[in-house]
Amino acid sequence: MGMGNPLQAGTYFVGVISSTGVNPVNYTLVSRGIGTNFTIPVVNLPFANGVVTNLNLNGREAAYYSVVVPANTPNWKLRLANISGEALIAVEKDALPNVGAGGYAPTYLYGGRKLQKAGNEQYLLLPASGQSNLVAGTYYLLVASEGINPNSPYLGTNSSAFILTSYGVSAVTNLGTVGVADLLNTNTLQGGENALYRFAIPPGLPAVEVRLDNVTGSSYMTLGTGTNVVTPYNSYGYDGGVGYAWSSPTLITLPNPTVTNYSLTVQASYSGGAYPDAISTVHIRQMPATVLTFDASLNGGGLSNMANGVLLNGQSAFYQVVVPALLNGQPVIGWKLDVAQTAGTPKIRVRPGLLPDDYNSYDGTSPFATSEAITVPPYLTPGTWYVEVRGTGLTTYTLTSSNLQLNRPAWAMPVQGNSVTTTGLPPSGPLFGDTGVDTNGVALPTTDQGTDLAQGAFDYYAVTVPPGNIGVMRTRLDAISGNPNMYIRVGAASTLSHYQYGGYGATLYDRSLSASGGSEYGNWVPLNGRYEAYLTAGTWYLAVQAGGNSNVRYRLRLFTGIVNDLALNGGSAINQQMVAGDWLYYRVQIPTNAPVNWNVTFSQQLGDVVMYVRDRVPPGHATTTTDYRDWSNDSKNHGPYPSFDPPGTYALTTPPLRPGNAYFLGFRAINDATFSVSCNTNGGTIDYTNTVPFYTGLVNTTVPAHGQLKLRIDVPADGKRLILNFTNVSAFNMYLDQGSAPTLTTADNWYSSGSANPVLNQALYNVNGWP
């Protein structure tokens, strides 16, 4: 029953249960008592090159051995080789292993470390993590016979024969220092066996590759820094060791490697339900970072912006590129990398200052891209960058670096009322940009005036948006074939290849059209009407991408927003036609003495439209064609701020209407539609006609009981602080609101209920949320 305390005297019962079904079973039960004078025979084996052969060990019988592990021993290797049949081995320190043997290391005294698989058994004992040597002392080995052709948990037939070998210290092969000559070593391993290596990486190497060549069987390698042996990949056949940092059955790439010693373990690993024998060649080499020019215009002196290569599956190649701030006197707006292949699938990524790596997404490494990678500010900065090309399958590729260029000079968006200046387009507008017309003003020669674009690739365009624009830019993207998408960004080019900081951060586009197929319309408006009086002035970059899984053909057109003026009282527009997804706009001027009620009526003759309202700037698309902005987003006063559907008459009251502002009615077509709209007013006007000067303004008056005094203060652009001093003899309620008539409730920006001589001293700059 194993070692430990003696059994207690008494009666013990043994149960035997047949597991063969209904057929009777013949068996013989043998009880072997071991008295206090009986000693289990234990054969002592030398630590190094200790060999013992047993040619006849009956099934379930055990043979015991001991090995003394000396002090200062870095590891210990054992093998149990079967001559016939199968046998298992268990190892325990300072005690005989027993039936409790399992997965615990031999120093834990939990019955022993059991090793049991088909074929020969392998064992490698390594120092515990943090130690450099084994715990010295006597280790006991149990070899148990499983007979011939055992089928766990059942015993095989006849007996087993085996050879047990204690090899002593398993040699660690020192491959040397990585340098100009590749490091090579071939190992032949039995299933579960390990080969141990050590090598060093000197300063100055951009990257190092560790791979297994000419593999038969199932080799798996693990790698770590330092000189202590790293643990094998599979849990079979070892105890101890330090954890590995890298592992792979094929290759490990070390970009920007630490200058130190490295420990490598190669195991004949588990595969297909077994541990087959394995042969492989360890191949370690330094990897260059080949210099490429940023753009073909910089080629010369033996340098090129193109490179060719062949990669194994998972293998990488690295390149170095210096990105300039200016090219030919013009700012660099982006960097384009194209990778084409004749075999396999290459993917590319970049990193500033260091080679890209797999450690984490926060170290400046961009995500992988296939076919094309576009790198743009703020991630893109002038300086030295590194490119990685990684193969999937046996890959043959061509890498090309180039300056990101616009397909044509930027279009100029005119201020409403000004003429279109684009050559070949009508000066009267509203069309001011068209990819179907070349820079000479000539229509493209095909009927559809389309442009072809390869799958996944981008074409870049730009628009100069002027200050004081009407607040809407309309785009139309026609999908002649395939699925073109468009990404818009103000001030810099868009990209899908990376984020703000490379592998993380904000996406680098502001707005997008990314529906599938057909014509897409974007009516792009300011995101926040509280603070934006028009579209952000400057250069807007538009990137058309061939989305989906095919090449595309497209035509892009740009318009100033189509805005029609409508009279506040009595204005109308009849039978207005729209296509699905598009918008039409009507501008109505609200006077400073605004109407109490502004009534807007719209009807549908065909299809379905929804009406939106916004002041100062039009409603419309914000970031996508399903992200709408109207007065509810701006929320300048106290609402309500609905959109309007179904058709009918809707009364818009003051407040929340803001006197003295232009209001825009925006109609969005759910499907192709024809509609009509008209306006009228009723209820009189708000009568806030008494104006108090902002500077040194003074009002001295008497208000009758239950009467109202209505005042308006026009704050000039340089107004920094509003100071109001009231002197009132009797109780007085006062209400102040910015931009519209007060609601005469506590919802107003400021109020005073019945207070004597109230004072308001309110800063009007750097104020968050007031009013």
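For the reader, a short list of remarks on this structure follows.
- Net charge of Cβ neighbours under 14 Å - reference SER152; Lys, Arg +1; Asp, Glu -1: +1
- In this label model, THR685 and TYR108 are separated by 9.1 nm, measuring between points 7 Å along each Cα→Cβ vector.
- Value of relative contact order over the chain, rounded to a whole percent, pairs C-alpha under 8 Å and six or more apart: 8
- Rg and Dmax [Cα atoms of the range 220-366; Å; Rg one decimal, Dmax integer]: 20.0, 65
- Those lysines that a straight Cα-Cα span of less than 23 Å connects to LYS117, excepting residues fewer than 8 apart in one chain: LYS77, LYS93
- Treating each Cα of the chain as one equal point scatterer and applying the Debye formula with no solvent, the log10 of I(q)/I(0) at q = 0.08, 0.11 Å⁻¹ comes out as -0.85, -1.16.
- Straight-line reach from LYS336: taking Cα to Cα under 24 Å and skipping same-chain neighbours fewer than 8 places apart, the lysines in range are LYS347.
- Viscosity 1.306 mPa s, 10 °C: Kirkwood-radius Stokes-Einstein D of the range 65-106 over Cα pairs, µm²/s: 127
- For the range 370-524, alpha-carbon Rg over 2.2 N^0.38 Å: 1.20
- Nearby aspartates and glutamates by direct alpha-carbon distance to LYS636 (threshold 15 angstrom, same-chain neighbours under 8 apart not counted): GLU532, ASP615, ASP737, ASP748
- Estimated 222 nm signal from helices in the chain, with DSSP H stretches of n ≥ 4 weighted -39500 (n - 2.57), rounded to 500: 0 deg cm²/dmol
- Residue-normalised accessible area of the range 677-771, given per residue in Å² at a 1.4 Å probe: 67
- Peptide packing: for 743-756, 270-283, the average count of neighbouring Cβ atoms within 10 Å per residue gives the ranking 270-283, 743-756, highest mean first.
- Accessible surface of the range 110-181 [probe 1.4 Å, protein heavy atoms]: carbon and sulfur percent: 51
- The separation of the range 60-105 from the range 137-181, counted between C-alpha centres, amounts to 9 Å.
- In the frame of its principal axes, the range 650-764 has Cα extents of 63, 36, 23 Å, reported largest first.
- Considering all different alpha carbon pairs of the range 52-183, the Kirkwood hydrodynamic radius works out to 15.9 Å.
- The modelled label-to-label distance for the pair LEU444/LEU568, using points 7 Å beyond Cα in the direction of Cβ, is 4.7 nm.
- Radius of gyration, Dmax [the range 490-539; alpha carbons; angstrom]: 13.7, 35
- With a cut-off of 10 Å between beta carbons, the residues surrounding THR250 carry a summed charge of 0, where Lys and Arg count +1 and Asp and Glu -1.
- Kirkwood Rh and Cα Rg combined as Rg over Rh, evaluated for the range 464-576: 1.05
- Over the range 213-254, the pair-distance histogram of Cα-Cα distances with 10 Å bins from zero comes to 27, 52, 21 percent, rounded to whole numbers.
- With K and R counted +1 and D and E -1, the other residues having a Cβ less than 14 Å from that of GLY538 yield a net charge of -1.
- Average accessible surface area per residue within the range 327-460, 1.4 Å rolling probe, Å²: 44
The values are calculated or read from the model by the stated rules, or taken from the named source; none is laboratory data. Treat the numbers as computed from the prediction; the structure is a model and nothing was measured. Virtual Cβ from ideal backbone geometry, glycine too; neighbours counted across all protein chains shown. What goes into the accessible areas is simple: the full protein's heavy atoms, side chains included, and nothing from ligands, DNA or RNA. Shrake-Rupley method; radii C 1.70, N 1.55, O 1.52, S 1.80 Å.
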